[in-house]
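Working notes, beginning with the structure itself.
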Amino acid sequence: MEGFEDGTPPFLAAGAIPSALTATAGADRIRLTRHLGVLTARLLEGLVGLCHPNGEPMVRIHGPTGAHERGATVAISLLDALGRVVPYWEVERAARDVARVIEFVAEYG
C-alpha cells in the first residue's frame, strides 16, 4: 500500500466485501467473539513481555493491558531503550525495510 495517504481506503479490496459479508453472516458470533478474545489476550501478553536488553519495555499499550472488557483492536506505541516513543514514520520506514528483505529472501532463497 505504499504511496497511499493515511486513511486512503483500498478501493480494489471493495470487491471482496460481498464475500466477506456472506462469510461473517454464517459465522457463529459467540464462537467468533470468544476466538477474538483469545487472540487479543495472546497478543497483549506477548506485547507486555517485549523488553529491551536494559529491561525497558518496547511497547506502550493504550487502553487495558488485559483482554477483559476490551475489543480486539489494540493501539500501541513502540518505545526506544530509553522509554521514548518511536515516531510512526521511523516505524513505517523500518517495516518497509523488513518487507524488502522478506521479499528478497522469498524470491532468491
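The values are calculated or read from the model by the stated rules, or taken from the named source; none is laboratory data. Computed from a predicted model, the values in this text were never measured in an experiment. So basically every Cβ, Gly included, is an ideal-geometry build from the backbone, and we count neighbours across all protein chains shown.
Before moving on, here are some points about what is shown:
- Per-region count, segment 29-52, residues without any contact (Cβ under 8 Å) to a residue 24 or more places away in the chain and either touching a helix residue (DSSP H, G or I) at 6+ places or on another chain (Cβ under 7 Å) or over 20 Å from Thr73 (Cα atoms) (or both): 1
- Of the residues in segment 19-42, none is at pLDDT 90 or above, touching a Pro at 6+ places or on another chain (Cβ under 9 Å) and closer than 24 Å to Ile61 by Cα.
- Tally, over segment 67-109, of residues that are closer than 29 Å to Gly37 by Cα and of a type in the set (Asp, Glu): 3
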